[in-house]
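What follows is a single structure, written as structure tokens, with notes after it.
The values are calculated or read from the model by the stated rules, or taken from the named source; none is laboratory data. Quick caveat, the model's predicted, so the values are computed rather than measured. Backbone-built Cβ (ideal geometry, glycine too); neighbour counts: all protein chains shown. The accessibility values were calculated without ligands, DNA or RNA, using every heavy atom of the protein model including side chains. Shrake-Rupley method; radii C 1.70, N 1.55, O 1.52, S 1.80 Å.
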Amino acid sequence: MNPGEEIAELRVTPDRYLTVRYAGASGDFNPIHIDEEFAQQVGLPGKILHGLWTMAQVARAQTEAGGGPQSLRRLQVQFRGMGLPEREITVTGTVHEVRDGVAIVHTTAEQDGKAIIRNAEAEIALDG
Amino acid sequence: MNTAAIGKQYEPVTYAVGREKIREYAHAVGETNPLHHDVEAARAAGYSDVVAPPMFAAVYCSRAIGPAMFDPDVGIDFARLVHSGQEFRWGPLVVAGDEVTTTLTVKDISERAGSGFYVFESVSKNQDGDVVSVGTWSNIVRGQG
């Protein structure tokens, strides 16, 4: 990885029951993620994705670029807006700098052309 | 806004990492790397069992976050709560069979432009005392005057 290089883009479309599977896997059963009616009652367009699931997609783009889970040393994200099921998410990233064997990657996750994770920064160890 | 809770620390919570839980989590987040699913592949790579994806930190930390989120001393209004930001720094990978103990601290409570900002820090250690992750959990409660 060299400064200015892009990491491989990750595209994923969460299916309509993804939030239910992630709720079970993570233990986060907040109804805004799994109950369409409840989500609409509190003013959301419908069930929204768990932010930490979306962050896991950003993490996955980094570990795939870095050669495995051991490569990811740090990830910092800001959540913006809300992600929705059944719409494609694209994670992109660019190597900002390389310092002491660690690549600093600036990365975002977008859905429908809007960032749902922005200003994210990852540190990927290049020694694997 | 109760800034007196800044610095408050909660009882450590220990999470026993299960092989099937790692597989279930890896499946939910779309991780296909065999290290997360296949014991033999993980052993061949030098791990004692299947490896948790880094973001599995969200799972082993979750029961440690609850007491702070629901603490009346912190006073979060859930109806207006937004998880605004997250950071993890990772140490050694977590594998099935590990016992991860997480201690949560209220790092900061502040108010800007009518909203409340709540920052928690989680420090998670494995059974050998290695720090496997440090998490910074940022939350906003909108329109809190």
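Odds and ends about this structure:
- Separation of the range B:22-39 from the range A:98-117 is 23 Å, based on Cα centroids.
- Among B:Ser122, B:Ser84, B:Ser133, the largest mean-square fluctuation in a Gaussian network model of chain B (Cα springs under 10 Å) belongs to B:Ser84.
- Inter-chain Cβ neighbour average for residues A:111-121, partner chain, 10 Å: 1
- Alpha-carbon centroid distance for the pair the range A:11-57 / the range B:94-131, whole angstrom: 23
- Within a Gaussian network of chain A (alpha carbon springs, distance under 10 Å), most fluctuating of A:Leu84, A:Leu72, A:Leu44: A:Leu44
- Amide H partners (placed H, <5 Å) of A:Glu5, local residues excluded: A:Val95
- Length available on full extension from B:Ile6 to B:Gln127: 0.36 nm per residue minus the Cα-Cα distance, which gives 40.8 nm.
- Considering only alpha-carbon pairs that sit under 8 angstrom and 6 or more positions apart, the relative contact order computed for chain B is 29 percent.
- Against the criterion of solvent-accessible heavy-atom surface with a 1.4 angstrom probe, A:His33, B:His37 sort, most first, into B:His37, A:His33.
- Cross-link reach list, lysines versus A:Lys114, counting only Cα pairs under 30 Å and skipping chain neighbours closer than eight places: A:Lys47
- In this structure, B:Glu111 and A:Ala8 have a Cβ-Cβ separation that, at R0 = 51 Å, corresponds to a calculated FRET efficiency of about 0.75.
- Counting only alpha carbon atoms, the long axis of helix A:51-66 and the longest principal axis of chain A meet at about 30°.
- B:Val95 long-range amide H proximity, modeled H, under 5 Å: B:Ala52
- Rounded to the nearest 10 degrees, the angle from helix B:19-29 to the longest Cα principal axis of chain B is 60 degrees.
- Helical mean residue ellipticity (222 nm; -39500 (n - 2.57) per DSSP H run of 4+; nearest 500) of chain B: -6000 deg cm²/dmol
- Relative compactness, the range B:1-104, computed as alpha-carbon Rg over 2.2 N^0.38 Å: 1.28
- Counting every C-alpha pair in the protein assembly as shown, the share spaced more than 27 angstrom apart comes to 38%.
- Between the beta carbons of A:Thr90 and A:Asn119, assuming R0 = 25 Å, the FRET efficiency works out to 0.95 to the nearest 0.05.
- In order along the range B:54-70, phi translates into HN-Hα couplings of x, 6, 4, 3, 4, 7, 6, 8, 4, 6, 7, 6, x, x, 6, 5, 9 Hz, rounded to whole numbers, per the Karplus curve 6.51 cos²θ - 1.76 cosθ + 1.60 with θ = phi - 60° and x for Gly and Pro.
- Separation in nanometres of the label points that stand 7 Å from Cα toward Cβ, at A:Glu97 and B:Ala45: 3.0
- The range A:30-45 residues near the modelled B:Arg80 label - backbone nitrogen below 18 Å, point 7 Å along Cα→Cβ: A:42-44
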